[in-house]
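The values are calculated or read from the model by the stated rules, or taken from the named source; none is laboratory data. As the structure is a computational prediction, the values presented were derived from the model and not from experiment. Positions of Cβ are backbone-derived with ideal geometry, glycine not excepted, and every protein chain shown enters the neighbour counts.
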């Protein structure tokens, strides 16, 4: 069974540009979480999508947004990139909207120059 | 708000030595606790979890952790460390209700001396 897959592995952008990161959950999983792992800040919760809807978001500005598609894959968009957005972005999936173990992908390394 | 503290940023142990990584949490109700491991450039792999019941939980790769409610701790242990255990270790907590997002500690980087 394939795990959580994220693409691209690495992404290099310049300030002010937009970045799009993608996540495919484990087959059968309907909920997707996004986390940011920035140097010095640790792992922080970004967004939670379930059944196509945004259910909760962390303490991040509105330029961080995303969506979940009918096949439960998800996209994270970061607009007006700033240098401090450079981080590893991790996606995790769980089988349903209920409480469960989160399974993580390998992440997308975003570098903003 | 829930929080997790991992007091040790970096720990170095010799191969074959025992290991204990500390984790303290702050949460009002019964927490759901996890330990994840992250190798360089990789995502997070679940080592073990505590939901309820027996306070000593066993995980993969020979790791175990003990939940101590009175001390608000969930320390990770391994009796004999292998060189392949060198990685960063994260303790995490969630409420098990609501949105279930994980709150992580800042992590402990483990170095293993051959």
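Some notes on this structure:
- Filtered by the rule that a residue be touching a strand residue (DSSP E or B) at 6+ places or on another chain (Cβ under 8 Å) and either in a loop (DSSP other than H, G, I, E, B) or surrounded by fewer than 16 Cβ atoms within 10 Å (Cβ to Cβ) (or both), the stretch B:12-30 gives B:12, B:14, B:15, B:18, B:20, B:22, B:23, B:26, B:27.
- Looking across B:53, B:43, one residue alone is more than 12 Å from chain A (Cβ to nearest Cβ) and either out of contact with any helix residue (DSSP H, G or I) (no Cβ under 9 Å at 6 or more places or on another chain) or part of a loop (DSSP other than H, G, I, E, B) (or both). It is B:53.
- Among (1) away from chain A (no Cβ under 11 Å); (2) modelled with pLDDT under 95; (3) assigned to a strand (DSSP E or B), the one test that residue B:111 misses: (2)
- Condition met for residue B:3 (touching a residue at least 60 places away in the same chain (Cβ under 8 Å) and either within 13 Å of another protein chain (Cβ to nearest Cβ) or surrounded by fewer than 18 Cβ atoms within 10 Å (Cβ to Cβ) (or both)): yes
This table checks each residue for (1) at pLDDT 95 or above; (2) over 11 Å from the mean Cα position of the chain (by Cα); (3) surrounded by fewer than 19 Cβ atoms within 10 Å (Cβ to Cβ).
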{"site": "A:76", "(1), (2), (3)": "yes, no, no"}
{"site": "A:85", "(1), (2), (3)": "yes, yes, no"}
{"site": "A:93", "(1), (2), (3)": "no, no, no"}
{"site": "A:100", "(1), (2), (3)": "no, yes, yes"}
{"site": "A:103", "(1), (2), (3)": "no, yes, no"}
{"site": "A:107", "(1), (2), (3)": "yes, no, no"}
{"site": "A:111", "(1), (2), (3)": "yes, yes, yes"}
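- Where strands (runs of 3 or more DSSP E) fall entirely within the stretch A:1-106, those with at least 1 residues that are closer than 27 Å to residue B:31 by Cβ and within 13 Å of chain B (Cβ to nearest Cβ) are at A:19-24, A:31-38, A:42-50, A:53-57, A:87-94.
- Some residue of the stretch B:64-77 being within 12 Å of the chain's Cα centre (by Cα), away from chain A (no Cβ under 14 Å), surrounded by fewer than 17 Cβ atoms within 10 Å (Cβ to Cβ) and part of a loop (DSSP other than H, G, I, E, B): no
- Given (1) in a strand (DSSP E or B); (2) at pLDDT below 95; (3) away from chain A (no Cβ under 14 Å), index of the condition residue B:33 fails: (3)
- When the criteria are applied in full, residue B:47 meets the requirement of being under 28 Å from residue A:59 (Cβ atoms) and without any contact (Cβ under 8 Å) to a residue 60 or more places away in the chain.
- Single match in B:92, B:87 (criterion: closer than 25 Å to residue A:45 by Cβ, in contact with a strand residue (DSSP E or B) (Cβ under 8 Å, 6 or more places away or on another chain) and surrounded by 21 or more Cβ atoms within 10 Å (Cβ to Cβ)): B:92
- Of all residues in the stretch B:83-114, those being at positive phi and over 13 Å from the mean Cα position of the chain (by Cα) number 3.
- All of (1) farther than 21 Å from residue A:103 by Cβ; (2) modelled with pLDDT under 95 hold for residue A:30 with one exception: (1).
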